[in-house]
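One structure below.
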Amino acid sequence: MSRDPIERLAELHGIGLGYHDYRGAYRQTSTTTQRRLLEAMGLNLKDERGAALAIEQHDTVHWMRMVPPVVTVYVDDPVRVPVSVPEQLGAREATWRVALEDGTESGGTLPLAGLEVIERGQVDGRDFVRVALPLPAGLPVGYHRVSIALDTGLAGSLRLVLAPRRCHEPAVLQEGGRVWGLSVQLYSLRSPRNWGIGDFGDLCRLIELATPLGCAVIGLNPLHALMPANPEHASPYSPSSRQFLNVLYIDVERVPEFRECEPARAHVASSRFQALLAHLRATANVDYARVAAAKSEVLRMVYAHFRRVHLEQGTARALAFRRFVEARGEPLQLHATFDALDAHLRLQGPQYWGWPSWPEEYRDHTSPAVNRFARERVVDVEYFAYLQWLAEEQLHEAQALACALGMSIGLYGDVAVGANPGGSETWANRRLYTHDASIGAPPDALALKGQDWGIPPANPAELVLQEYAPFIVMLRNNMRCVAALRIDHVMALYRLWWVPRGLSATEGAYVHYPLEDLVALVALESQRNRCLVVGEDLGTVPNEVRVAMERHGLYHYKVLLFEQERDGRFRLPSEYVRGALATVTTHDLPTLKGWWTEHDLALRDRLDMYPSKEFKHAAHAARANERRELMHALVRAGLWHWGEHERLPDWSPALARAVQAFLGLSASRIALM
């Protein structure tokens with residue numbers, strides 16, 4: 001019996017045909033899900049011949065493309081480039097040329113007859129052979145360009161990535177040291193000087209206060225760019241772009257141009273503005289709209305001063321800004337253009353919530369309309385680039401301060417798993433992102449109905465075609481100003497749960513990514529930026545990911561609330577993994593107090609997240625048992641006096657201190673409070 005073409009096509013495009021759920025049961029991917037995901041990837045499967053034609057096209061491209069878009073190799077491994085050769089042409093030799101990223105070049109010619117054959121195939125009646133063309137040993141770590149030409153005239157080029165085997169590890173950890181740090185949501189910091197939201201100035205003050213206590217690291221929420229024209233969209237895990245920063249964190253009064261600009265300083269010093277700031281500092285929650293309005297009003301004045309006093313005069317500050325713009329290149333220009341366009345269109349009405357709702361002429365960043373807007377609104381576009389410069393400058397100053405005061409690590413950043421479907425990252429690279437599917441997670445013990453995060457996934461085939469450039473830029477920009485970086489949902493380097501539009505999260509499937517290539521890029525950028533990498537490996541973690549993390553030096557992420565054996569016993573501190581960052585809880589789990597008082601379970605009930613009453617009762621019973629097991633662990637560690645015959649203690653600060661002390665005793669090299 002011939003194989004189902006949809007299933008064959010799904011396999012070719014990395015769609016998993018099934019998976020083992022959190023209980024160990026095998027779940028097969030339905031044909032409907034396979035078809036919907038293939039269509040989301042851009043395949044035309046509208047008729048019966050569609051799948052067969054798509055398979056033929058895949059095979060044709062596989063053989064007709066002479067060399068792959070990118071080859072990734074670990075340093076000191078043999079460098080072999082796969083070359084597809086049409087046998088009928090009778091090619092006898094191949095000439096290669098390597099252009100290193102430092103500008104130097106080398107080359108040579110090799111006979112094809114002696115090369116190792118990788119595979120043979122046939123397309124349209126023509127025979128092909130794929131051979132491995134070896135390049136010289138000793139090529140340096142980095143991003144290089146390889147050109148290959150056959151003596152028949154066929155030629156191709158590719159990116160060659162030479163990567164170190166392991167990620168960077170700070171000296172204090174290499175030497176066996178253990179350190180502790182604080183985890184903060186930057187926006188939640190309060191001070192008598194900020195403007196109603198924690199900012200980079202508050203971060204510097206926190207560093208000054210924590211360093212003398214022995215704090216070695218400050219963990220932060222993702223600082224990704226959001227949408228300045230829509231400040232109420234505040235989730236750092238649904239950013240406009242992961243390549244740039246949230247400008248709301250700028251400490252306006254630390255900006256050099258603010259200190260020079262008398263009108264801006266007078267405006268801020270006015271009784272009306274000071275009353276506004278007092279109100280913003282006193283609110284129970286961040287008033288994002290009014291905070292953004294206050295900052296924008298003053299930053300516009302500061303930018304006008306910068307243009308007049310610095311850009312027009314060609315000062316050192318102006319040159320520094322121009323260098324920044326040049327270094328960040330087209331991605332910055334597109335992001336600033338997006339912010340300017342978004343602000344312009346939102347003034348016209350609430351119907352414009354993101355680029356998919358924009359007039360058609362603005363949805364393509366290469367369109368004449370967008371180019372015309374960027375030319376005509378050059379000051380507006382430059383304003384948003386200026387804000388990115390200020391934000392990066394202040395974040396860099398915070399890390400420099402941490403180092404100067406003696407923190408052995410410093411800032412620990414966080415990169416989200418994806419970007420908002422209406423933001424600049426997806427607008428600037430529409431071909432990369434799949435808009436008829438979203439990222440999520442299959443059902444598990446925490447989300448029994450599965451999860452749909454509403455975030456469009458990157459198409460792995462398109463990522464390869466773009467030579468991983470978007471992924472590299474994202475890593476580099478996030479590592480530049482920090483000493484450690486958490487990769488949210490590190491399993492995304494291997495696979496992501498895709499949910500087809502219109503289907504439930506239970507009807508998704510795993511789509512696979514080139515794990516070894518992506519981990520190699522992480523290691524390369526980690527070493528170049530001297531940035532420790534922590535992979536958030538919670539939940540169902542494939543063995544392939546665990547092995548890759550160990551082999552290439554990505555730290556594990558250990559959460560006390562999950563560190564339990566199969567029988568429910570909490571692991572003792574001595575049983576924690578050494579190469580890991582350990583913490584009690586995370587941003588998307590209940591607080592320790594909420595967990596102990598079962599606030600999260602009550603919230604799930606109010607949100608109708610239990611499939612049945614039986615699941616609800618089972619969750620409460622399981623939590624009661626977990627609380628008892630945690631008490632047993634604290635007793636075994638000598639941190640609490642309690643007996644099985646006694647009732648569980650009520651929540652108290654003393655209990656919180658005992659749990660944090662338990663974590664502090666762990667074998668993990670980093671403990672984060």
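The values are calculated or read from the model by the stated rules, or taken from the named source; none is laboratory data. Predicted, not measured: the structure shown is a model, and the values here were computed from it. Every residue, glycine among them, receives a Cβ derived from its backbone with ideal geometry; neighbour counts consider all protein chains shown.
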Selection within region 546-579 - surrounded by fewer than 20 Cβ atoms within 10 Å (Cβ to Cβ), within 28 Å of E516 (Cβ to Cβ) and of a type in the set (D, E, K, R): R546, E550, R551, R578
Hits in region 460-513 (condition: part of a strand (DSSP E or B), of a type outside the set (G, A, S) and under 27 Å from P443 (Cβ atoms)): R486, I487, R495, L496, W497, W498, V499, P500, Y510, V511, H512
Test: residue in region 347-357 that is modelled with pLDDT of 95 or more, in contact with a Leu (Cβ under 7 Å, 6 or more places away or on another chain), farther than 30 Å from G201 by Cα and not aliphatic (A, V, I, L, M): yes
Residue ID - farthest from P456 (Cα to Cα), chosen from residues in region 201-238 that are in contact with a strand residue (DSSP E or B) (Cβ under 9 Å, 6 or more places away or on another chain) and of a type in the set (V, I, T): I207
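Please state which one of A51, A40 is outside the structural domain of L135 (by TED's automatic domain parsing), farther than 22 Å from D517 by Cβ, modelled with pLDDT of 95 or more and touching a Pro at 6+ places or on another chain (Cβ under 8 Å). Can you show your working first?
Numbers: A51 fails: modelled with pLDDT of 95 or more.
Criteria check complete, one pass: A40.
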Number of positions in region 436-459 that are part of a loop (DSSP other than H, G, I, E, B), surrounded by fewer than 21 Cβ atoms within 10 Å (Cβ to Cβ) and modelled with pLDDT under 95: 8
A483 modelled with pLDDT of 95 or more, touching a strand residue (DSSP E or B) at 6+ places or on another chain (Cβ under 6 Å) and surrounded by 20 or more Cβ atoms within 10 Å (Cβ to Cβ): yes
Subset tally (residues that are within 30 Å of R604 (Cα to Cα) and touching a His at 6+ places or on another chain (Cβ under 9 Å)) for region 440-481: 2
Hits in region 1-57 - residues which are free of Cβ contacts under 8 Å to residues at least 60 places away in the same chain and of a type in the set (D, E): D4, E7, E11, D47, E48, E56
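If a residue has to be surrounded by 13 or more Cβ atoms within 10 Å (Cβ to Cβ) and either at pLDDT below 95 or out of contact with any Ser or Thr (no Cβ under 8 Å at 6 or more places or on another chain) (or both) to count, how many in region 301-314 make the cut?
In the first step, residues of region 301-314 are kept if they are surrounded by 13 or more Cβ atoms within 10 Å (Cβ to Cβ); the result is 301-307, 309-311.
Restricting the remaining residues to those that are either at pLDDT below 95 or out of contact with any Ser or Thr (no Cβ under 8 Å at 6 or more places or on another chain) (or both) gives 301-307, 310-311.
Total satisfying the criteria: 9.
For region 628-657, how many residues meet the condition of being under 33 Å from the mean Cα position of the chain (by Cα) and touching a residue at least 12 places away in the same chain (Cβ under 8 Å)? Let's see the steps before the verdict.
Of all residues in region 628-657, those under 33 Å from the mean Cα position of the chain (by Cα) come to 630, 656-657.
Pick out the ones that are also touching a residue at least 12 places away in the same chain (Cβ under 8 Å) and you get 630, 656.
Looking only at that region, the number is 2.
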Qualifying residue in region 619-632 (condition: at pLDDT 95 or above, assigned to a loop (DSSP other than H, G, I, E, B), buried (at least 16 other Cβ atoms within 10 Å of the Cβ) and not hydrophobic (A, V, I, L, M, F, W, C)): no
Hits in region 121-143 - residues which are without any contact (Cβ under 8 Å) to a residue 40 or more places away in the chain and either among the aliphatic types (A, V, I, L, M) or within 17 Å of P68 (Cβ to Cβ) (or both): none
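Does region 362-375 include one or more residues that are more than 23 Å from the chain's Cα centre (by Cα), outside any helix (DSSP H, G or I) and touching a residue at least 40 places away in the same chain (Cβ under 8 Å)?
Our first condition is that a residue be more than 23 Å from the chain's Cα centre (by Cα); within region 362-375, this holds for 362-364, 366-375.
Keeping just the survivors that are outside any helix (DSSP H, G or I) gives 364, 366-367.
This time we only want the ones that are touching a residue at least 40 places away in the same chain (Cβ under 8 Å), so: 364.
Yes, there is a match, as at least one residue in region 362-375 is more than 23 Å from the chain's Cα centre (by Cα), outside any helix (DSSP H, G or I) and touching a residue at least 40 places away in the same chain (Cβ under 8 Å).
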Residue satisfying all of: in region 144-188; in a strand (DSSP E or B) and among the hydroxyl-bearing types (S, T, Y); surrounded by the most Cβ atoms within 10 Å (Cβ to Cβ) among these: S183
Members of region 519-535 found to be in contact with a Leu (Cβ under 7 Å, 6 or more places away or on another chain) and farther than 20 Å from A580 by Cα, listed by number: L521
Count - residues of region 580-591 that are free of Cβ contacts under 8 Å to residues at least 12 places away in the same chain and either surrounded by 15 or more Cβ atoms within 10 Å (Cβ to Cβ) or not in a loop (DSSP other than H, G, I, E, B) (or both): 1
Odd one out for E425, checked against (1) among the acidic types (D, E); (2) outside any loop (DSSP other than H, G, I, E, B); (3) surrounded by fewer than 21 Cβ atoms within 10 Å (Cβ to Cβ): (3)
Of all residues making up region 315-336, the number that are surrounded by fewer than 12 Cβ atoms within 10 Å (Cβ to Cβ) and closer than 20 Å to D380 by Cβ: 3
Members of region 491-501 found to be without any contact (Cβ under 8 Å) to a residue 60 or more places away in the chain and surrounded by fewer than 21 Cβ atoms within 10 Å (Cβ to Cβ), listed by number: Y494
